Amino acid sequence: MQARASIKSESLALQVLTDLSEIAHLSGEWNMLLARSICNRAFSSAQWFIASCSANPSFQPHVIIARRGAALAGILPLVLIEEGTLATFPSYLTDYSDAIVARDDFTVVAGLLDHARVEPNGHWRLMLRHLRRDSNCMRAIQLQENGSVAAAAFREMVGCHYLRLPATYDDFLRTKDSRFRKRLKRLQTLAGDRNFVVSELGPENFPADRLPDVFLPLHLARQTNRSCFESAAAQTFAREVIPDLFKKRIVRACALMAGDGVVAIDLYTMGDQSLGAWNGGFLDEVAYCSPGKLLINAGIKLACALGLGEYDFMRGTEEYKSSWAGDTRSVGSIELSIAG
């Protein structure tokens, strides 16, 4: 797709960072800008990008940054793959990718994308994957282009169910019919009969360094085929990223506890105004009480308590999600032409 600049231009200093040590040095500024953006606080964090590159030696960092004066105004966190010919988001174990700017700062997004399209950068193609239609990148492209042209160039990859949250958890329950509520109550009774307790794990009561070693076996026990954490690299990534983001409450966790032991777990990532269900797992012996449903319920309750507007099931339109959530969004990709 050929982008055509029509957003008002301004003076921005643009730079490409290709060394992970440079990017690590920028991480404080990176995450401060992220906190002012609409981006997912985990997937778009400096920690996630650095660990993704470390876990995938074929990724060549190609981070484009924009400054207004001395202030960091934008980040386009790309990597080069396919022997340096394709620029794209790393999208490693993520559900959403995007340019990072302060809310609605589309001038900076346009500047970042235009810089990424300049042929001397070395790559031949620019493919932006795992974009939501309401992402910074897509909205900036739609402002640059006729909206229908941008929409036609968007290639949907997958759908995502999400739940718009009312003010309280009790209000959410009132939106469900009696059959749904009775089923949920029955599962809670089954769990209670075995003295299972659903609770949030927090860094004040659960050691952050222990969380990956609890999560990974439970996930792998449930996802016996083609787990995204099957590889040693993915497990190393989890051990590197999860503890730090858990301490910062960017990754949250709810668990089904049997005494001091965790028999089921869901991990979530924080969005701007949402809680996203990222990954989870449970032991086969507790499957009879549907721990997945108990933990979805716990996640919704947590999101309501945090005052968030949305519980996001993220990528995938599995049938079980539709009984909880009534809305769906698409996630896809768009290829931008390289300027000759």
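The values are calculated or read from the model by the stated rules, or taken from the named source; none is laboratory data. All figures in this text were calculated on a predicted structure; none of them were measured in a lab. Note: ideal-geometry Cβ built from the backbone for every residue, glycine included; neighbour counts use all protein chains shown. The area values use the complete protein model at the heavy-atom level, side chains included, leaving out ligands, DNA and RNA. Shrake-Rupley method; radii C 1.70, N 1.55, O 1.52, S 1.80 Å.
Quick check for me: using +1 on Lys/Arg Cβ and -1 on Asp/Glu Cβ, what's the dipole size of the chain about its Cα centre, in debye to the nearest 20? Could the numbers behind the result be given before it?
Values: 37 positive and 37 negative charges, 215 e Å.
Roughly 1040 debye for the chain.
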Return an integer: the convex hull volume of the alpha-carbon atoms of the chain, in Å³ per residue.
140 Å³
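Calculate, for region 208-340, the solvent-accessible area per residue in square angstrom, rolling a 1.4 angstrom probe over the heavy atoms of the protein chains. It would help to have the intermediate numbers written out before the result.
On the way: 5290 Å² over 133 residues.
That works out to 40 Å² per residue.
Note down the relative contact order for the chain as a percent, whole number, built from C-alpha pairs under 8 angstrom at least six residues apart.
Values: 652 pairs, mean separation 80.1, N = 340.
24 percent.
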Given a 1.4 Å probe and every protein chain left where it sits, what share in percent of the accessible area of region 1-113 is carbon and sulfur?
52 percent
When the helices in the chain are scored as -39500 (n - 2.57) per DSSP H run of 4 or longer and the sum is shared across all residues, what 222 nm value do you end up with, to the nearest 500 deg cm²/dmol?
-10500 deg cm²/dmol
Give me the accessible area of K301, 1.4 Å probe, in Å² rounded to the nearest 10.
100 Å²
HN-Hα couplings for region 325-333 via Karplus (6.51, -1.76, 1.60; θ = phi - 60°), in whole Hz with x for Gly/Pro, come out as 10, x, 10, 9, 10, 9, 10, x, 9
Once both axes come from the Cα atoms, what is the angle between helix 232-247 and the longest principal axis of the chain, in degrees from 0 to 90, rounded to 10?
80 degrees
In region 190-340 the accessible area split gives carbon plus sulfur, as whole percent at 1.4 Å, a share of 47 percent
